[in-house]
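To keep things clear, I will list the structure first and then write my remarks on it.
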Amino acid sequence: MSLVNNISTDLLGVIVGLILTLCIFSYIFGDNVLFRLGINIFIGVTAGYIAVVIWHSVILPQLIGPISTWDGSITNFVKLIIPLILSILLLLKIFPRLSSFGSPVMAFIVGAGAATIVGGAVVGTFLPQITASINLFDPQIQNSSSELIWLLIIESSFILIATLSTLIYFHFSARPNSRGSPKRAALIETIAGIGRFFIAVTFGALFAGVLLASISAFVERWDFIISVFLSIFHL
Amino acid sequence: MTEDKQNETPQNHKHSDSAEPENDGKLPWQERAIPIEQAASDAEQPKPYSTKIHVTEEQKTNTLLLEEIIRSEGVAPRAPRKTRISQISTLRIAIALALIIAMIWMTVFDLPEFTFPAVLPETRYIHQVLQTTPPNAPILLSFDYEPGFAGEMDPGATAILSQLLSSNAYLMFVTTNPIGVAVTERVLSLTSENISFQMGDPTQYVNAGYIPGGPTGLYSLATSIRSTLPQSVNGDPIWQQPALEDVHSISDFYSIIVITDSPDTGRAWIEQVGPQLGHTPLLIVASAKTEPILRPYYEAKPKQVQGLMFGLRGAAATENITGISNHASNYWNSFSLTVIVASVILLVGGLVSAISAASKLDT
């Protein structure tokens, strides 16, 4: 048996994974050839994989497949021909001279996407979160909770203060002071200071989350490296 | 004007005025003429205008800036100087070494042993839903995370999948990320190490694959699921499976579970799919970095998300209550020690930075 046959696919995967992991970790010593090699391999493999997935999951089953099995129905023909024409027009964007043909399709995609996102944000976040802020002070909801009522009132008040002060922080209207420079009213300035505190706490929480996520990835990779070396040296 | 009058005097008035008597040798019209000396002294000197341009400091600065921009257009930018390893700050290497030593320490000595985290109510709810899932109940599971976050997300995903496969629920996998198709296969492979099930068995699960279009695709999934997902990644029809025969809308699933590393993806599921769910619970397993953004949806009254599980902490807590020890339990001690080391580094760095800033202010 040849050496290639002796090396199992799993072992090959482990070796490639180990080499690429070490390439990425070489960034500890700054930007270098190994790090760039690793990054470029990842980008290339990802781009190739995405192209294959889109062909097999989108273009083939949702465009080419239905066209090839068209049942003769005019309605179905219209449903198929419109996406096909739009796709061809969008493809023309890669040719500089013909790219203007793809612009209306692009405009349609952007417009439909924006409408979906804005509609979703209003229905899914804006209105429910406003309702939730109001419901914090609903006695019926507070009574139905298992928590102590005074604790709920304190918590609700705290959330209300945080919400209002954060919103007021972004109130930038100002009048000129005695020296002519713009300055917010004293009350607004004080509340904005409280809002700034809450914004800082939010950014701190976000940073802590990113740190925890990064450490999780770090631990998993080093656990992999150590276990590979331990298995190589039979420890 | 005076000179003009003097010039025209002899020619114009020679004959007409010759009859008039002379007066001190002056002709009569000369009495009314302005003397040449007075006219010369009364005439104003023209104002001197400087040929120099008066430029303010700001204008000078702007001019210099414009000149600099125009000059730089014609000059090729210098390539950044390649830094050698010896020149790189040792600080970065020292921090990396501290973290790596902590990892090796835990692998070799496995000390100290950290207690598993407490189970939060939002995580316990997920466990309760999975425990009460009847056999063959259809569950939609979305793997929406990048492979780069596999270290954090895989433990949570395998913990959830292990419970689901143990309860014999019928699983339908989707993803809004093209790489998610590979991630799904990877998580199934990892889970098969602990739970025995047949990989690729269409009576246990179906991989419906990639949903294109981001939020638009999710809206399409929420409003017309059957036309959005016509077939599996293998090209097989999805909706002929007995467990999925009664599923005509997204709210017909027993529960929806989204596993994501991105706050935007989590929010897109809540915004686009959430309003269509009715009584079907939406459960999210997410990266620790998404917690400040996704938690308000859980804290809201009424809740927009019924269950949440964040990062390695949530995965370790879930493995602890289920008794299925897997990746999260293995990483928990190393993770805890590395977090402590990182926190100490941050604290020391912050203190040094504050002290150096204070000393600069003093000087």
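Through the Karplus equation 6.51 cos²θ - 1.76 cosθ + 1.60, θ set to phi - 60°, convert the phi angles of segment B:266-274 into ³J(HN,Hα) values in whole Hz; use x for Gly and Pro.
x, 5, 4, 5, 5, 6, 8, 8, x
As a test of the formula, what do you get for the protein assembly as shown when each DSSP H run with n ≥ 4 contributes -39,500 (n - 2.57) and the sum is divided by the residue count, at 222 nm and rounded to the nearest 500 deg cm²/dmol?
-19000 deg cm²/dmol, from helical runs alone.
Which Cα, out of B:A222, B:P155, B:M309, lies furthest along the positive dipole direction of segment B:121-332 (beta carbon charges, K/R +1, D/E -1)?
B:M309
In whole Å, how far is the Cα centre of segment B:193-266 from that of segment A:79-141?
For segment B:193-266 versus segment A:79-141, the Cα centre distance is 22 Å.
In whole percent, how big is the carbon plus sulfur part of the accessible area of chain A, probe 1.4 Å, protein atoms only?
The nonpolar share, carbon plus sulfur, comes to 76 percent.
So if I restrict to the alpha-carbon atoms in segment A:136-235, what is the Rg, and what is Dmax, the biggest pairwise distance, in Å?
In Å, with Rg to one decimal and Dmax whole: 24.3, 79.
Taking only pairs that are 8 or more places apart or on different chains, how many Lys pairs in the protein assembly as shown have Cα atoms under 24 angstrom apart?
Step by step, the pairs that qualify in the protein assembly as shown add up to 7.
Around B:S162, with a cut-off of 13 angstrom between Cβ atoms, what is the net charge of the other residues, counting Lys and Arg +1 and Asp and Glu -1?
Here the count lands on -3.
Give, to the nearest whole percent, the P(r) tail of segment B:121-332 beyond 20 angstrom, counting all Cα pairs.
52
Among B:S255, B:S343, B:S353, whose mean-square fluctuation peaks in a Gaussian network model of chain B (Cα, cutoff 10 Å)?
In this elastic network of chain B, the residue with the biggest mean-square fluctuation among B:S255, B:S343, B:S353 is B:S353.
Need the C-alpha centroid separation for segment A:178-212 versus segment B:274-322, integer Å.
28
What is the helix-to-structure angle for B:311-322, meaning the angle in degrees between its Cα long axis and the longest Cα principal axis of chain B, kept from 0 to 90 and rounded to the nearest 10?
With rounding to tens, the tilt is 20 degrees.
Going by the alpha-carbon gyration tensor, a ≥ b ≥ c the square roots of its eigenvalues, is chain B rounded (a/c under 1.5) or, if a/c is not under 1.5, prolate (a/b greater than b/c) versus oblate?
prolate
For a quick check: with amide H placed at 1.01 Å from N, whose amide H comes under 5 Å from B:A169's, ignoring anything fewer than 5 positions away on the same chain?
Answer set, sorted by chain and number: B:N136.
In Å² (nearest 100), what accessible area is buried between B and A, both sides summed, heavy protein atoms only, 1.4 Å probe?
Roughly 4100 Å².
Counting only complete DSSP H runs, which helices of chain A cover 15 Å or more along their long axis at the Cα atoms and score a mean Kyte-Doolittle of 1.0 or above?
Those that clear 15 Å and a mean of 1.0 are A:9-25, A:33-54, A:74-91, A:99-121, A:149-169, A:186-232.
If I histogram all Cα-Cα distances within the protein assembly as shown using bins 10 Å wide from 0, what percent of pairs lands in each bin?
3, 11, 18, 19, 17, 11, 5, 2, 2, 2, 3, 3, 2, 1, 0, 0
After finding the eigenvalues of the alpha carbon gyration tensor for segment A:47-122, what semi-axes result from the square roots of 5 times each, listed largest first in whole Å?
Working from the Cα gyration tensor, I get semi-axes of 23, 18, 17 Å.
Rounded, prolate or oblate for segment A:1-97? Axes are the square roots of the Cα gyration tensor eigenvalues, ordered a ≥ b ≥ c, and the cut-off for rounded is a/c under 1.5.
oblate
Taking only protein heavy atoms into account and a 1.4 Å probe, give the accessible area per residue of segment A:136-235 in Å².
Per-residue value: 69 Å².
Once amide H atoms are built 1.01 Å from N in the peptide plane, which residues 5 or more positions from A:K183, or in another chain, come under 5 Å H to H?
Residues meeting the amide H criterion: A:R175, A:N177.
With everything on Cα atoms, drop me the angle between helix B:2-13 and the longest principal axis of chain B, reported from 0 to 90° to the nearest 10.
40
What is segment B:214-286's relative contact order, in percent, from Cα pairs under 8 angstrom and six or more apart in sequence?
36
Give me Rg over Rh for chain A, both radii from the alpha carbons and Rh done the Kirkwood way, two decimal places.
1.12
Dividing the Cα radius of gyration by the Kirkwood radius, what Rg/Rh value follows for segment B:253-316?
My calculation puts Rg/Rh at 0.93.
For segment B:192-244, what's the relative contact order in percent, using C-alpha pairs closer than 8 Å and at least 6 residues apart?
31
Given A:I85, A:S26, A:L11, which one lies farthest toward the positive end of the charge dipole of chain A, if we put +1 on the Cβ of every Lys and Arg and -1 on the Cβ of every Asp and Glu?
My answer, from the dipole projection, is A:I85.
In debye, nearest 20: dipole of the protein assembly as shown around its Cα centre with unit charges on the Cβ of K, R (+) and D, E (-)?
760
I need the phi-derived Karplus couplings for segment B:234-239: 6.51 cos²θ - 1.76 cosθ + 1.60, θ = phi - 60°, integer Hz, Gly and Pro marked x.
With the stated coefficients, segment B:234-239 comes to 8, x, 7, x, 7, 7 Hz.
Please report, in debye to the nearest 20, how large the charge dipole of segment A:136-235 is about its Cα centre when each Lys and Arg carries +1 at its beta carbon and each Asp and Glu carries -1 there.
For segment A:136-235, the charge dipole is close to 740 debye.
Once the dipole of segment B:121-332 is set up with Lys and Arg at +1 and Asp and Glu at -1 on Cβ about the Cα centre, which of B:T260, B:S166, B:G278 lies farthest towards its positive end?
Ranked along the dipole, the leading option is B:G278.
Suppose we take every Cα in segment B:209-296 and form the convex hull; what volume per residue is that in Å³?
Spread over its residues, the Cα hull of segment B:209-296 gives 99 Å³ apiece.
Give the shape of segment B:137-262 as rounded, prolate or oblate, defined through the alpha-carbon gyration tensor: a ≥ b ≥ c are the square roots of its eigenvalues, a/c under 1.5 means rounded, and otherwise the shape is prolate if a/b is larger than b/c and oblate if not.
It comes out oblate by the Cα gyration axes.
Once fully extended, how much extra length lies between A:Q62 and A:T131, figured as 0.36 nm per residue of separation less the alpha-carbon to alpha-carbon distance?
Net length gain for the segment: 20.9 nm.
Report in % the part of the accessible area of segment B:121-332 that belongs to carbon and sulfur, leaving out ligands and nucleic acids; probe 1.4 Å.
Carbon-and-sulfur percentage of accessible area, whole number: 48.
The values are calculated or read from the model by the stated rules, or taken from the named source; none is laboratory data. Keep in mind the model is a prediction, meaning the values are calculated, not measured. Positions of Cβ are generated from backbone atoms using ideal geometry, with glycine treated the same way; all protein chains shown enter the neighbour counts. Remember, those area values only see protein heavy atoms, side chains included, never the ligands or the DNA or RNA. Shrake-Rupley method; radii C 1.70, N 1.55, O 1.52, S 1.80 Å.
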